[in-house]
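**Student:** One structure coming up, written as structure tokens, with questions to follow.
The values are calculated or read from the model by the stated rules, or taken from the named source; none is laboratory data. Not measured: the values here are computed from a predicted model. Neighbour counts run over all protein chains shown; Cβ positions are idealised from the backbone, glycine included. Heavy atoms of the whole protein, side chains included, go into the accessibility calculation; ligands, DNA and RNA do not. Shrake-Rupley method; radii C 1.70, N 1.55, O 1.52, S 1.80 Å.
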Amino acid sequence: MTPHDDSAGDLAALVARCRAEQDSPWRFSLGEEQWRRDLLACLMADPSSFVGMWCDGEAVFAMLALRDGQAVVFSTPVEMRRYWGLSCACPAAVPHERVIHDLWGVEALDARDLRPWLDHGVWGVTWPLAEHPVPVQAGGVIEFPEIAEVARAGGTICEYGPADGGFHAPAYLRLAVPGARVIDAQWWMGYAHRGICAGMRGCSPDQALRLAGRIDAAATVAHQAALARAMESATAQMVDGRTIAARVVFAEMERVASTLFDIAAVANAADDLRLARACEQAREHVQEICAMAFGSRMLMDIVAFGHGGAGASGFSPHEETFRQWLHATCAELEELYRRPRGLGGLARGLGVLPRDVARQLGVSGVVAHASAREGDVRQVTPGYRDAWIPAGVEQAGDVDARMRMRLVALRTSLRIFGEMERQTRATPIRAPVPPTAGEGMGWAEGPRGAIRYWVRMEAGRVRDVGICDPALAHMLASEVAMRGAYDTDMAVIMRSFGLSAAGADL
């Protein structure tokens, strides 16, 4: 592609060309020059298409989303422990490049930032997943870029850490406050890292799903469903209608419970105790229904590979009563949120994430919808219909917009429960025995955004896995939203993003 090519920077054109050349609908290998030239041009034209990056030691992979909600995966070989980074065109790639360097010792050329993300200098070796890890040379020291304005003004640096007793994400937050307002916010992550991707290598499908279910308590179903779909895709496993419908019911129950949790967290931070108490009581009721219907309050380990796992038939006796209750609960929460001196008035104009920044960072879920970004991978997820998902978004990008989109999310789940009533009773069908090797991709719309998996299966086990969780983009987005706000508003702003350190660190 020449600099004057009209298709330069057009992801759809690049994908079409790769499909013709490589005879694959979604998985493409690029040489160094094509990666550096064509893929970077696509991200410069539209950085919001970036989903995530990972490494297997031999190649670096990047997942990009197409406009129809589907995704494609590109890879390029690693040469001399190096590859051309994508962060120069796409700021959302920064933490992914840092994680790859921490784990594999593979460096992104022309990268914006290569400070450690996971490695604090306390591991037994450096680059633990590399073929030849090296001994640790010295302890790590947290390094933050110098803020000239703070230095000139002699301002304050406020720090919040994972061991300060606060009930926030296990992460280190540094706020630069030269006056009354915050001018810079920076996260330091890695405290929640558990080596999930490395732990899945060599696992059977059931073992891998169990690990996926422990990544984020707010998105257990979403992670397990996305991984299950990826493994089923890799092995050509057919899934019957009853299993598909059951996953929809599980996902929406989880969405309701986690959304109530997130609303309560923001309300507590803003001292709106009436709204917080109502959400907490409602969430407890949802978990009681889950325990009765599915045998698990937190919906852990009810999604399985293929046709295993729990069914949704146990939900049928409670379905109509639950829908009536959820309808009344939505009305109550909306009234509490909008009442005079309620959270709705306090949150307006607070913690703004501008539309262009949301696009650059490729945020998803309610954070994206609150900043005028459409998109919901349920539209391309088996079991859902496009007409069930509302297309409306908010423009303000503030805490108020994020809260209102969460209230919309509850209403959307209520509608989906009504549409799913007949499908949960569908008769299962037998599927042919699948092959045991291949590559596959799966996805799910979690309570806080899109979750996507890529897997390579070999002899019926997971050989390699790449996980794309929305938490990384939301961490970067929250830094932008905190700038210009008062230090006393930080807790409300942070909780409005539903940040998951576990999802960001994996």
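**Student:** Starting with the highest mean, order 392-400, 16-24, 496-504, 207-215 by the number of other Cβ atoms within 10 Å, averaged over the residues of each peptide.
**Tutor:** Numbers: 392-400: 19.6, 16-24: 12.7, 496-504: 26.0, 207-215: 21.2.
Those peptides, ordered most packed to least, come out 496-504, 207-215, 392-400, 16-24.
**Student:** So, one more: So what are the ³J(HN,Hα) numbers for region 276-292, from phi and the Karplus equation (6.51, -1.76, 1.60; θ = phi - 60°), rounded to whole Hz, Gly and Pro as x?
**Tutor:** Result, ordered by residue: 4, 5, 5, 5, 5, 5, 5, 5, 4, 5, 4, 5, 5, 5, 4, 5, 5 Hz.
**Student:** Given the convex hull of the Cα atoms of region 1-118, what is a quarter of its surface area in nm²? The partial results should precede the final answer.
**Tutor:** On the way: hull surface 27.9 nm².
For region 1-118, averaging the hull's shadow over all directions gives 7.0 nm².
**Student:** Between residue 316 and residue 44, with labels modelled 7 Å along Cα→Cβ, what's the label distance in nm to one decimal, could you check?
**Tutor:** Distance between the two pseudo-spin positions: 5.8 nm.
**Student:** Once the Cβ-Cβ distance between residue 304 and residue 348 is put in as r, and R0 is 51 Å, what FRET efficiency do you end up with, to the nearest 0.05?
**Tutor:** Details: r = 44 Å, r/R0 = 0.87.
Computed FRET efficiency for residue 304 and residue 348: 0.70.
**Student:** Separate question: Can you give the convex hull volume per residue for the Cα atoms of the chain, as a whole number of Å³?
**Tutor:** Working: hull volume 76.5 nm³, N = 506.
Expressed per residue, the convex hull around the Cα atoms of the chain is 151 Å³.
**Student:** With +1 on the Cβ of every Lys and Arg and -1 on the Cβ of every Asp and Glu, and nothing else charged, how large is the dipole of region 285-379 about its Cα centre, in debye rounded to the nearest 20?
**Tutor:** For region 285-379, the charge dipole is close to 460 debye.
**Student:** Express in whole angstrom the spacing between the alpha-carbon centres of region 79-122 and region 291-370.
**Tutor:** Computed from Cα coordinates, the inter-centre distance equals 34 Å.
**Student:** For region 222-294, state the average projected area of the convex hull of the C-alpha atoms over all orientations, rounded to one decimal in nm². It would help to have the intermediate numbers written out before the result.
**Tutor:** Working: hull surface 22.4 nm².
Directional mean of the projected Cα hull area for region 222-294 stands at 5.6 nm².
**Student:** A follow-up question, please. Are there trypsin sites (Lys or Arg not before Pro) in region 282-349 that DSSP puts in a loop and that have at most 12 other Cβ atoms within 10 Å, and which ones? Display every interim value, and only then the final one.
**Tutor:** Working: sites: 283, 297, 323, 338, 341, 348; in loops: 297, 341, 348.
Here the trypsin sites (Lys or Arg not before Pro) that fit, given the DSSP loop and packing criteria, are 341.
**Student:** Using 7 Å Cα-to-Cβ label points, what is the residue 67/residue 17 separation (nm, one decimal)?
**Tutor:** The modelled label-to-label distance comes out at 1.8 nm.
**Student:** Helix-only mean residue ellipticity at 222 nm, the chain, DSSP H runs n ≥ 4 weighted -39,500 (n - 2.57), per residue, nearest 500. What is it?
**Tutor:** Details: 17 runs with 200 residues, N = 506.
Result for the chain: -12000 deg cm²/dmol, rounded to the nearest 500.
**Student:** Taking the Cα centre of the chain as the origin, how large is its charge dipole in debye, to the nearest 20, when only Lys and Arg (+1) and Asp and Glu (-1) carry charge on their Cβ atoms?
**Tutor:** Numbers: 51 positive and 62 negative charges, 221 e Å.
That gives the chain a dipole magnitude of about 1060 debye.
**Student:** Summarise the accessible area of the chain (1.4 Å probe, protein heavy atoms) by the percent that is carbon and sulfur. Write down the numbers at each step before the final one.
**Tutor:** On the way: 10830 of 20960 Å².
Roughly 52 percent, rounded to a whole number.
**Student:** Additional query: Please give the contour-minus-distance gain from residue 201 to residue 297: 0.36 nm per residue of separation, less the Cα-Cα distance, rounded to one decimal in nm.
**Tutor:** On the way: separation 96, 0.36 × 96 = 34.56 nm, distance 2.88 nm.
Stretched out fully, the residue 201 to residue 297 stretch lengthens by 31.7 nm.
**Student:** Provide the gained length on full extension for the span residue 386 to residue 335, in nm with one decimal, where the gain is 0.36 nm per separating residue minus the Cα-Cα distance.
**Tutor:** Values: separation 51, 0.36 × 51 = 18.36 nm, distance 2.88 nm.
Contour length minus the Cα-Cα distance gives 15.5 nm.
**Student:** Let me ask something additional. In whole angstrom, and with the biggest value first, how far do the Cα coordinates of region 203-347 range along each principal axis?
**Tutor:** The Cα atoms of region 203-347 stretch 55, 31, 20 Å along their principal axes.
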